[in-house]
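**Q** Sharing a structure, written as structure tokens. Questions coming.
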Amino acid sequence: MVLGFSQGACLATEFALRHASRIGGVVAFSGGAIGPAGTTWYESGHFDGTPVFFGCSDVDSHVPASRVIESAELCARMGASVTTRIYPGMGLGAWATAMPRAQAEAPAHMR
């Protein structure tokens, strides 16, 4: 499993995308695929049902929810079983208090 928060979530997502195959899971809190708006990612490999969880705030000042959604769609196209949660009004620093909520919403086999 690869997991990350903020920049770590971006790196975890990028690593998983570049090495797409069946793994235990990918968890990205406030992060997603790396690249400027309009990036076209090379879709090589297949996740073969790997569970992937993306969680982000709708007001995150560093990672727009649109990038998280775009990353989730990319992973789904590559065969991942994706869960995406956009949390209203939760800024980047609120993850410490939101972690139990995110854990409860993640697929059972990822807890």
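**Q** Any residue at all in the stretch 72-84 that is modelled with pLDDT under 90, in a loop (DSSP other than H, G, I, E, B) and either touching a strand residue (DSSP E or B) at 6+ places or on another chain (Cβ under 9 Å) or of a type in the set (Phe, Trp, Tyr) (or both)? Give the derivation first.
**A** Step one: list which residues in the stretch 72-84 are modelled with pLDDT under 90, which gives none.
Checked against the condition, which is being modelled with pLDDT under 90, in a loop (DSSP other than H, G, I, E, B) and either touching a strand residue (DSSP E or B) at 6+ places or on another chain (Cβ under 9 Å) or of a type in the set (Phe, Trp, Tyr) (or both), the stretch 72-84 yields no hits at all.
**Q** So Ile23 ticks every box in (1) among the β-branched types (Val, Ile, Thr); (2) more than 10 Å from the chain's Cα centre (by Cα); (3) outside any loop (DSSP other than H, G, I, E, B) but one. Which box is left unticked?
**A** (3)
**Q** Determine if the stretch 40-47 includes at least one residue that is buried (at least 19 other Cβ atoms within 10 Å of the Cβ), touching a Cys at 6+ places or on another chain (Cβ under 8 Å) and either of a type outside the set (Ser, Thr, Tyr) or modelled with pLDDT of 90 or more (or both).
**A** Checking the stretch 40-47: at least one residue is buried (at least 19 other Cβ atoms within 10 Å of the Cβ), touching a Cys at 6+ places or on another chain (Cβ under 8 Å) and either of a type outside the set (Ser, Thr, Tyr) or modelled with pLDDT of 90 or more (or both).
**Q** Out of Ala37, Ala33, which single residue is out of contact with any Asp or Glu (no Cβ under 7 Å at 6 or more places or on another chain), over 15 Å from Thr83 (Cβ atoms) and in a loop (DSSP other than H, G, I, E, B)?
**A** Numbers: Ala33 fails: out of contact with any Asp or Glu (no Cβ under 7 Å at 6 or more places or on another chain).
Testing whether each residue is out of contact with any Asp or Glu (no Cβ under 7 Å at 6 or more places or on another chain), over 15 Å from Thr83 (Cβ atoms) and in a loop (DSSP other than H, G, I, E, B) leaves just Ala37.
**Q** Within the bounds of the stretch 51-59, is there any residue that is assigned to a loop (DSSP other than H, G, I, E, B), in contact with a Cys (Cβ under 7 Å, 6 or more places away or on another chain) and closer than 18 Å to Tyr87 by Cβ? Spell out how you get there, then give the answer.
**A** Our first condition is that a residue be assigned to a loop (DSSP other than H, G, I, E, B); within the stretch 51-59, this holds for 58-59.
The next check asks that each one be in contact with a Cys (Cβ under 7 Å, 6 or more places away or on another chain); those that pass are none.
No, the stretch 51-59 contains no residue that is assigned to a loop (DSSP other than H, G, I, E, B), in contact with a Cys (Cβ under 7 Å, 6 or more places away or on another chain) and closer than 18 Å to Tyr87 by Cβ.
**Q** Here is a follow-up. Tell me which residues, restricted to the stretch 11-35, are in contact with a Gly (Cβ under 7 Å, 6 or more places away or on another chain) and closer than 9 Å to Ser71 by Cβ.
**A** Across the stretch 11-35, the qualifying residues are Thr13, Ala28, Gly31.
**Q** Please tell me if Val63 is touching a strand residue (DSSP E or B) at 6+ places or on another chain (Cβ under 7 Å), over 17 Å from Thr83 (Cα atoms) and surrounded by 15 or more Cβ atoms within 10 Å (Cβ to Cβ).
**A** Judged against the criteria, Val63 is a match.
**Q** Could you say whether any residue in the stretch 85-101 is polar (S, T, N, Q) and modelled with pLDDT of 85 or more? Can you show your working first?
**A** To start, the set of residues in the stretch 85-101 that are polar (S, T, N, Q) comprises 97.
From the residues that got through so far, the ones that are modelled with pLDDT of 85 or more too are none.
No, the stretch 85-101 contains no residue that is polar (S, T, N, Q) and modelled with pLDDT of 85 or more.
**Q** Of the conditions (1) out of contact with any strand residue (DSSP E or B) (no Cβ under 9 Å at 6 or more places or on another chain); (2) surrounded by 19 or more Cβ atoms within 10 Å (Cβ to Cβ); (3) farther than 23 Å from Gly89 by Cα, Ala33 satisfies every one except a single condition; which number is it?
**A** (3)
**Q** Checking Asp58 against (1) surrounded by fewer than 15 Cβ atoms within 10 Å (Cβ to Cβ); (2) within 9 Å of the chain's Cα centre (by Cα), which single condition isn't satisfied?
**A** Evaluating Asp58 over (1) surrounded by fewer than 15 Cβ atoms within 10 Å (Cβ to Cβ); (2) within 9 Å of the chain's Cα centre (by Cα) leaves (2) as the failure.
**Q** Here are the criteria: (1) surrounded by 15 or more Cβ atoms within 10 Å (Cβ to Cβ); (2) at pLDDT 95 or above. Tell me which single one Phe15 does not satisfy.
**A** (1) is the only condition that Phe15 fails.
The values are calculated or read from the model by the stated rules, or taken from the named source; none is laboratory data. Keep in mind the model is a prediction, meaning the values are calculated, not measured. Glycine also receives a Cβ, built like all others from the backbone with ideal geometry; neighbour counts cover every protein chain displayed.
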